[in-house]
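Read-outs: derived from the displayed coordinates by stated rules, not from any lab. Just so it is clear, the model here is predicted, and its values are computed rather than measured. We place every Cβ from the backbone using ideal geometry, glycine too, and count neighbours over all the protein chains shown.
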Amino acid sequence: MKITNETVARAYEILQKYKAGKTNLENRIISNEQWWKMRHWEWMQEKGAKNDMKTASAWLFNVIVSKHADGVQSVPEANILPREESDKPTAKMLSSIIPCVLEENKFESEYSAILWQKLKGGTGAYGVFWDKTKHNGLGDIAIRKVNLLRLFWEPGISNIQESKQVFLV
């Protein structure tokens, strides 16, 4: 497909619509990060009196660190199952390949990074990209954490894979 100025303009319109639809989620992600850093009083000032006691506790930090420790002990493993009898050889082959791909991409550290994101913000996203610099220029896939503030999808969609377009900016 040839990319024209009209194609870019239409994509930009769609991106702006997606950005507008994601404003509440972005504000919540930023607010949750401020809570994590114990800088939440500026977010709460509107709701309480100016002279309210402003406590700072490590309780939230301890809860999240404990949940993260539990989570990294339970890193998911690839479990490739055939859909039907004829898929068994492919499933067996993928069962050998996918763990190697995950190992090469240091999936455990990406999983840990996304787990922090999930515990603080409620959700996280992985990106599977083509990295042409891998293997001396031959290329291979790369699995990385995606910053949710840089990811845009169709408003009202809860499963990002159902969005007509997805933008990573």
Report task. For the chain, just list the percent of Cα-Cα distances falling in each 10 Å bin from zero outward, please. Result -> 8, 23, 29, 25, 11, 3, 1
Query raised in the report: Taking the chain as a Gaussian network, where each spring joins two C-alpha atoms under 10 Å apart, which residue of 157, 30, 64 fluctuates the most?
Result: 157
Report summary line: Sequence order, segment 111-118: Karplus ³J(HN,Hα) from phi using 6.51 cos²θ - 1.76 cosθ + 1.60, θ = phi - 60°, Hz rounded, Gly and Pro as x, gives 4, 4, 5, 6, 4, 4, 4, 5
Query raised in the report: Each residue of segment 150-157 in turn: what ³J(HN,Hα) in whole Hz from Karplus with 6.51, -1.76, 1.60 and θ = phi - 60°, glycine and Pro shown as x?
Result: 9, 10, 10, 9, 4, x, x, 8
Report summary line: Measuring from its Cα centre, the chain shows a charge dipole (+1 at each Lys and Arg Cβ, -1 at each Asp and Glu Cβ) which, in debye to the nearest 20, is 580
Query raised in the report: On full extension of the chain, what length is gained from residue 131 through residue 112, given 0.36 nm per residue of separation minus the C-alpha to C-alpha distance?
Result: 4.7 nm
**Report entry** Cα-Cα over 31 Å, subset of 22/88; 67/88; 37/106; 19/134; 2/134; 17/134
**Finding:** 22/88; 67/88; 19/134; 17/134
Report summary line: With only helices counted (DSSP H, runs n ≥ 4, each -39500 (n - 2.57)), the per-residue ellipticity at 222 nm for the chain, to the nearest 500, works out to -15500 deg cm²/dmol
Query raised in the report: Which aspartates and glutamates, on any chain, are close to residue 120 with Cα under 20 Å apart, when same-chain ones fewer than 8 places away are left out?
Result: 26, 33, 42, 70, 108, 110
